[in-house]
Amino acid sequence: MVQETICRNCRKEGEKLFLKGEKCLSPNCPFTRRAYNPGQRGSNPVRRRISDYGIQLKEKQKVKEIYNVKEKQFRNYFKKAEKSPGIKGEVLLSLLEKRLDNVVFRLGLANSRKEARQEISHAHILVNNKKVNIPSYQVKIGDTISFSPKFLKKEISKNLGERLASYKTQEWLKLDPKKIEGNVVKEPQREDIDQSINENLIVEFYSR
(Lines give C-alpha, C1' and ligand atoms only; values in the text may rest on other atoms or scores of the structure.)
Protein backbone atom coordinates (compact mmCIF):
# COMPACT_ATOMS: atom_id res chain seq x y z
CA MET A 1 0.00 0.00 0.00
CA VAL A 2 2.85 2.41 0.87
CA GLN A 3 4.55 1.68 -2.46
CA GLU A 4 1.31 2.42 -4.36
CA THR A 5 0.93 5.73 -2.50
CA ILE A 6 4.46 6.78 -3.46
CA CYS A 7 3.80 6.03 -7.13
CA ARG A 8 0.47 7.88 -7.00
CA ASN A 9 2.41 11.02 -6.09
CA CYS A 10 4.28 10.88 -9.41
CA ARG A 11 1.07 10.23 -11.35
CA LYS A 12 -0.65 13.10 -9.55
CA GLU A 13 2.17 15.49 -10.51
CA GLY A 14 2.25 14.21 -14.09
CA GLU A 15 5.98 13.47 -14.03
CA LYS A 16 8.52 11.15 -12.44
CA LEU A 17 9.76 12.42 -9.09
CA PHE A 18 12.23 9.50 -8.72
CA LEU A 19 11.01 8.67 -5.23
CA LYS A 20 11.90 4.97 -5.50
CA GLY A 21 15.39 5.17 -6.98
CA GLU A 22 16.35 2.58 -9.56
CA LYS A 23 12.82 1.20 -9.94
CA CYS A 24 11.79 4.55 -11.43
CA LEU A 25 14.19 3.85 -14.32
CA SER A 26 12.86 0.35 -15.01
CA PRO A 27 10.00 -0.71 -17.34
CA ASN A 28 8.11 -1.80 -14.20
CA CYS A 29 7.74 1.79 -13.03
CA PRO A 30 3.97 2.35 -12.48
CA PHE A 31 4.26 5.87 -13.92
CA THR A 32 5.66 4.47 -17.18
CA ARG A 33 2.73 2.07 -17.43
CA ARG A 34 0.05 4.53 -16.28
CA ALA A 35 1.17 8.09 -16.90
CA TYR A 36 -2.15 9.66 -15.98
CA ASN A 37 -3.74 10.89 -12.76
CA PRO A 38 -4.89 8.40 -10.10
CA GLY A 39 -8.57 7.62 -10.41
CA GLN A 40 -8.71 8.18 -14.17
CA ARG A 41 -9.69 5.32 -16.46
CA GLY A 42 -7.59 6.40 -19.38
CA SER A 43 -4.71 8.58 -20.52
CA ASN A 44 -6.84 11.39 -22.06
CA PRO A 45 -8.38 13.24 -19.10
CA VAL A 46 -10.58 16.31 -19.39
CA ARG A 47 -8.22 19.21 -18.74
CA ARG A 48 -9.30 21.96 -16.40
CA ARG A 49 -7.70 25.38 -16.20
CA ILE A 50 -5.59 25.75 -13.06
CA SER A 51 -5.29 29.15 -11.38
CA ASP A 52 -1.90 30.81 -10.83
CA TYR A 53 -2.22 29.95 -7.14
CA GLY A 54 -2.95 26.31 -8.02
CA ILE A 55 0.15 26.15 -10.25
CA GLN A 56 2.32 27.62 -7.50
CA LEU A 57 0.87 25.29 -4.88
CA LYS A 58 1.38 22.26 -7.10
CA GLU A 59 5.06 23.13 -7.64
CA LYS A 60 5.61 23.55 -3.90
CA GLN A 61 3.93 20.23 -3.17
CA LYS A 62 6.02 18.53 -5.84
CA VAL A 63 9.31 19.74 -4.36
CA LYS A 64 8.16 18.70 -0.87
CA GLU A 65 7.50 15.20 -2.24
CA ILE A 66 10.89 15.03 -3.97
CA TYR A 67 12.85 15.89 -0.83
CA ASN A 68 10.39 14.20 1.57
CA VAL A 69 9.91 17.34 3.67
CA LYS A 70 6.85 18.32 5.72
CA GLU A 71 5.10 21.68 5.32
CA LYS A 72 6.42 23.34 8.49
CA GLN A 73 9.98 22.31 7.75
CA PHE A 74 9.69 23.41 4.12
CA ARG A 75 8.41 26.82 5.19
CA ASN A 76 11.35 27.16 7.58
CA TYR A 77 13.75 26.42 4.72
CA PHE A 78 12.12 29.20 2.73
CA LYS A 79 12.37 31.65 5.64
CA LYS A 80 16.07 30.83 5.94
CA ALA A 81 16.53 31.31 2.19
CA GLU A 82 14.85 34.73 2.46
CA LYS A 83 17.40 35.86 5.05
CA SER A 84 20.38 34.49 3.14
CA PRO A 85 22.34 36.30 0.40
CA GLY A 86 21.63 35.17 -3.14
CA ILE A 87 18.56 34.35 -5.22
CA LYS A 88 15.84 33.08 -2.85
CA GLY A 89 14.67 30.17 -4.99
CA GLU A 90 18.17 28.92 -5.67
CA VAL A 91 19.18 29.26 -2.02
CA LEU A 92 16.08 27.23 -1.07
CA LEU A 93 17.06 24.40 -3.41
CA SER A 94 20.64 24.51 -2.14
CA LEU A 95 19.41 24.06 1.44
CA LEU A 96 17.31 21.08 0.37
CA GLU A 97 20.23 19.57 -1.55
CA LYS A 98 22.50 19.84 1.48
CA ARG A 99 20.18 17.73 3.65
CA LEU A 100 22.09 14.64 4.75
CA ASP A 101 19.45 12.24 3.41
CA ASN A 102 19.70 13.88 -0.02
CA VAL A 103 23.52 13.78 0.02
CA VAL A 104 23.54 10.07 0.93
CA PHE A 105 21.19 9.49 -2.02
CA ARG A 106 23.22 11.71 -4.39
CA LEU A 107 26.39 9.79 -3.50
CA GLY A 108 24.75 6.50 -4.43
CA LEU A 109 24.92 5.19 -0.86
CA ALA A 110 21.16 4.66 -1.03
CA ASN A 111 18.77 3.94 -3.89
CA SER A 112 16.32 6.66 -2.87
CA ARG A 113 15.98 9.52 -0.40
CA LYS A 114 13.56 7.38 1.60
CA GLU A 115 16.13 4.60 1.89
CA ALA A 116 18.79 7.17 2.81
CA ARG A 117 16.53 8.47 5.56
CA GLN A 118 16.20 4.96 6.99
CA GLU A 119 19.97 4.43 6.93
CA ILE A 120 20.49 7.70 8.80
CA SER A 121 17.72 7.04 11.34
CA HIS A 122 19.23 3.61 12.07
CA ALA A 123 22.63 5.24 12.76
CA HIS A 124 24.34 3.59 9.78
CA ILE A 125 25.70 6.89 8.42
CA LEU A 126 28.73 8.78 9.69
CA VAL A 127 29.65 12.41 9.07
CA ASN A 128 33.35 13.01 9.71
CA ASN A 129 33.46 9.61 11.47
CA LYS A 130 30.68 10.56 13.88
CA LYS A 131 27.19 9.04 13.85
CA VAL A 132 24.48 11.42 12.71
CA ASN A 133 20.89 10.19 12.91
CA ILE A 134 19.16 13.39 11.75
CA PRO A 135 18.10 13.23 8.06
CA SER A 136 17.78 17.04 7.86
CA TYR A 137 21.37 17.62 9.05
CA GLN A 138 22.99 20.25 6.82
CA VAL A 139 26.32 19.12 5.37
CA LYS A 140 29.18 21.56 4.86
CA ILE A 141 32.11 21.82 2.48
CA GLY A 142 34.79 19.39 3.62
CA ASP A 143 32.40 16.93 5.28
CA THR A 144 33.04 13.22 4.73
CA ILE A 145 30.01 10.92 4.56
CA SER A 146 30.46 7.19 5.08
CA PHE A 147 28.90 4.06 6.52
CA SER A 148 29.52 2.78 10.03
CA PRO A 149 31.95 -0.19 10.20
CA LYS A 150 29.10 -2.27 11.63
CA PHE A 151 26.93 -1.64 8.57
CA LEU A 152 29.76 -2.52 6.16
CA LYS A 153 29.94 -5.97 7.74
CA LYS A 154 26.35 -6.69 6.77
CA GLU A 155 25.54 -8.88 3.77
CA ILE A 156 23.53 -6.07 2.19
CA SER A 157 26.70 -3.99 1.67
CA LYS A 158 28.76 -6.84 0.19
CA ASN A 159 28.81 -5.61 -3.45
CA LEU A 160 28.35 -1.92 -2.70
CA GLY A 161 31.89 -0.96 -3.76
CA GLU A 162 31.46 -2.62 -7.17
CA ARG A 163 28.18 -0.82 -7.77
CA LEU A 164 29.64 2.54 -6.79
CA ALA A 165 32.61 2.07 -9.15
CA SER A 166 30.39 3.03 -12.10
CA TYR A 167 28.26 5.56 -10.24
CA LYS A 168 28.53 9.18 -11.36
CA THR A 169 27.99 11.88 -8.76
CA GLN A 170 27.29 15.57 -9.20
CA GLU A 171 30.18 18.02 -9.35
CA TRP A 172 29.70 19.35 -5.83
CA LEU A 173 30.27 15.86 -4.42
CA LYS A 174 33.22 13.48 -4.70
CA LEU A 175 32.82 9.73 -4.32
CA ASP A 176 35.54 7.21 -3.40
CA PRO A 177 34.13 3.77 -4.34
CA LYS A 178 37.03 1.90 -2.74
CA LYS A 179 36.54 3.53 0.65
CA ILE A 180 32.75 3.64 0.12
CA GLU A 181 32.59 7.24 1.21
CA GLY A 182 31.98 10.66 -0.25
CA ASN A 183 32.99 14.27 0.31
CA VAL A 184 31.28 17.62 -0.08
CA VAL A 185 33.74 19.62 -2.19
CA LYS A 186 31.70 22.76 -2.91
CA GLU A 187 28.26 24.33 -2.64
CA PRO A 188 25.57 22.79 -4.88
CA GLN A 189 24.69 24.99 -7.85
CA ARG A 190 21.34 25.40 -9.59
CA GLU A 191 22.55 23.45 -12.62
CA ASP A 192 23.35 20.46 -10.39
CA ILE A 193 19.66 19.78 -9.83
CA ASP A 194 18.63 17.34 -12.53
CA GLN A 195 14.87 17.37 -11.96
CA SER A 196 12.32 19.71 -13.47
CA ILE A 197 11.72 22.33 -10.78
CA ASN A 198 10.52 25.91 -11.18
CA GLU A 199 11.64 27.46 -7.92
CA ASN A 200 10.28 30.86 -8.94
CA LEU A 201 6.76 29.50 -8.54
CA ILE A 202 7.54 28.57 -4.95
CA VAL A 203 8.91 32.04 -4.25
CA GLU A 204 5.70 33.50 -5.72
CA PHE A 205 3.60 31.18 -3.56
CA TYR A 206 5.19 32.31 -0.30
CA SER A 207 5.26 35.95 -1.42
CA ARG A 208 1.49 36.20 -1.84
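The values are calculated or read from the model by the stated rules, or taken from the named source; none is laboratory data. This one's a predicted model, so the numbers in the text were calculated from it and none came from an experiment. Note that each Cβ is placed from the backbone with ideal geometry, even for glycine, and that neighbours are counted across all protein chains shown. Protein only, heavy atoms only, side chains kept; ligands, DNA and RNA dropped before computing areas. Shrake-Rupley method; radii C 1.70, N 1.55, O 1.52, S 1.80 Å.
Rolling a 1.4 Å probe over the protein heavy atoms of region 95-196, with every protein chain left in place, gives an accessible area that is 49 percent carbon and sulfur. Using the Cβ atoms and a cut-off under 10 Å, what net charge is assigned to the surroundings of residue 174, where Lys and Arg are +1 and Asp and Glu are -1? Counting the neighbours of residue 174, the net charge comes to -2. Model label points for residue 178 and residue 84, set 7 angstrom from Cα along the Cα-to-Cβ axis, are 3.4 nm apart.
Mind giving me the FRET efficiency for residue 154 and residue 57? R0 is 35 Å, r the Cβ-Cβ distance, nearest 0.05 is fine.
Values: r = 42 Å, r/R0 = 1.20.
The value I calculate is 0.25.
Projected onto their three principal axes, the Cα atoms of region 82-208 cover extents of 51, 27, 24 Å, largest first. For the pair region 50-119 / region 122-181, the C-alpha centres are spaced 21 Å from each other.
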